[in-house]
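Working notes, structure below.
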Amino acid sequence: MAVKKRSKVSAEFNMSSLTDIIFLLLIFFMLTSNMVQIDIPLPESDSKTVAPTNLPVVMKLDGTVTVEGKPSSMDNLESDLAYAVRKTDNKENATVTIISEVGVEWQQVHRVMELASGLELRAIIATQPTTVKN
C-alpha cells in the first residue's frame with residue numbers, strides 16, 4: 001500500500017505585504033516632496049556667450065514683472081508673452097530671456113520657464129558675471 005505525501009512545500013513568495021510597504025513609501029515621498037523648499041541662488045557665470053534677447057522678462061524682488069518693458073503680472077504673463085510673440089519678427093527663433101533680480105524665488109523663475117515651454121518658446125536665464133574674490 002502506497003502512502004501519499006500530503007505536505008508539499010510551496011515555492012511561491014507572498015508579495016502582498018511588500019507591495020503595501022512600497023505603496024506607503026510612495027505616498028510618504030509624494031507628500032513630503034511638496035514640503036521641501038528649494039532655496040538656491042540664481043546662477044553666476046563667467047561665460048561670454050551672447051544669446052538673443054528678443055523677449056526679455058524682468059522679474060523684480062518686489063513681485064513686479066515686465067515683458068519687453070511693459071508691466072505685467074504672473075497671472076497675465078502667458079497672454080502677454082503670446083502677444084509679444086505674435087508681434088515679433090522672428091517667431092521661429094523667439095527666445096524668452098528671464099532677467100531675475102537676486103532673491104526672486106526659484107519657483108517664479110521656473111513658472112516663467114514652464115509658460116515659455118507651453119508656448120513652444122526657448123527660455124534662457126540671464127546670469128550675472130562671476131564676482132572675483134581676492
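The values are calculated or read from the model by the stated rules, or taken from the named source; none is laboratory data. All values reported here derive from a predicted model rather than from experimental measurement. A quick note on method: Cβ atoms are made from the backbone with ideal geometry, for glycine too, and the neighbour counts reach across all protein chains shown.
Some notes on this structure:
- Condition check for LEU121: at pLDDT 85 or above, of a type in the set (A, V, I, L, M, F, W, C) and touching a helix residue (DSSP H, G or I) at 6+ places or on another chain (Cβ under 6 Å): no
Residues checked against (1) in contact with an Asp or Glu (Cβ under 8 Å, 6 or more places away or on another chain); (2) over 21 Å from ASP46 (Cβ atoms); (3) touching a residue at least 24 places away in the same chain (Cβ under 8 Å):
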site: VAL85; (1), (2), (3): no, yes, yes
site: GLU92; (1), (2), (3): no, yes, no
site: TRP106; (1), (2), (3): yes, yes, yes
site: GLU114; (1), (2), (3): no, yes, no
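- Any hit, the range 36-45, residues being at pLDDT 85 or above, surrounded by 11 or more Cβ atoms within 10 Å (Cβ to Cβ) and not hydrophobic (A, V, I, L, M, F, W, C): no
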